Amino acid sequence: MKHTTFKTFLTSNLMIEEKEIISILENCKVKQVKKDEFLLRKNEHCSHTFFVEKGLLRQYSIDNKGKEHVLSFAPENWFVTDRESSYFNQPSVYFIQALEDSQVVFLDESFIQMLSNKVPNFTDFNNRLLHNHIRHLQNRINHLLSTNAEDRYLQFVKMYPDILLRVPQTMVASYLGITPESLSRVRKELAKKNFKG
């Protein structure tokens, strides 16, 4: 749960002076978001990308039977948004909700454009972030389609090392596409293997 400011994130990844960053950051909003508060609801238009300085968000959908499906978690130092809604101006199918009291930077398209204009290497950096996000989504789809529950769980732990301590088991199971009972079985089996090892 390392608390990283957006300013630190930018200065550590871009060739930019701190004084330049300070003037640029005057154009973005930092908000304190309470636990359970929504940053986005289904059918709203997503007009921001959210950077988590402190706390934890989740992005999820609800199907027509009322079942939740967790697409992603966003702990400290992570970005989350609905790209289809923001880029293609579509109503969102997702909810983005705070799972803890959080400190979140709200980045709109005009801010991203300004950063691209003022910082020469930002566009390349932003493209790397986008491609990395696509890579993670492809890997996630592949795991859901082709691996068993244990492998998916191990991949989850690798990607989100401290999330298990911060969210209910039902949300982890939803992310993995399995029932909470199946998740309990997987964890028990792994505990047995580790104990024998």
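The values are calculated or read from the model by the stated rules, or taken from the named source; none is laboratory data. The structure presented is a predicted model; accordingly, all values stated were derived computationally and were not measured. Every residue, glycine as well, gets a Cβ built from its backbone with ideal geometry; the counts of neighbours run over all protein chains shown. Accessible surface is based on the protein model in full, side chains and every heavy atom, while ligands, DNA and RNA are left aside. Shrake-Rupley method; radii C 1.70, N 1.55, O 1.52, S 1.80 Å.
Just to be sure I understand, how many residues within segment 161-171 are under 16 Å from Glu68 (Cα atoms) and in contact (Cβ under 8 Å) with a residue 60 or more places away in the chain? Total meeting the criteria: 2. Checking each residue in segment 173-197 for being aliphatic (A, V, I, L, M) and either at positive phi or free of Cβ contacts under 8 Å to residues at least 12 places away in the same chain (or both) picks out Ala173, Ala191.
Does segment 95-106 contain any residue that is open to solvent by 10 Å² or more (accessible area, probe 1.4 Å) and hydroxyl-bearing (Ser, Thr, Tyr)? No, segment 95-106 has no match at all. Against the criterion of being out of contact with any strand residue (DSSP E or B) (no Cβ under 7 Å at 6 or more places or on another chain), assigned to a helix (DSSP H, G or I), touching a residue at least 60 places away in the same chain (Cβ under 8 Å) and within 25 Å of Glu84 (Cβ to Cβ), Phe125 qualifies. The set of residues in segment 77-93 being open to solvent by less than 70 Å² (accessible area, probe 1.4 Å), touching a His at 6+ places or on another chain (Cβ under 8 Å), closer than 14 Å to Asp108 by Cβ and part of a loop (DSSP other than H, G, I, E, B) consists of Thr81 alone. Quick one: in segment 107-130, which of the residues that are closer than 19 Å to Lys19 by Cβ and open to solvent by 50 Å² or more (accessible area, probe 1.4 Å) is modelled with the lowest pLDDT? In this case the residue turns out to be Pro120.
Scanning segment 40-70 for residues that are touching a Pro at 6+ places or on another chain (Cβ under 6 Å) and closer than 15 Å to Ala98 by Cα yields a single hit, Leu56.
Check whether at least one residue in segment 167-175 is open to solvent by 60 Å² or more (accessible area, probe 1.4 Å) and over 26 Å from Gly55 (Cβ atoms), and report yes or no. Looking through segment 167-175, none of the residues is open to solvent by 60 Å² or more (accessible area, probe 1.4 Å) and over 26 Å from Gly55 (Cβ atoms).
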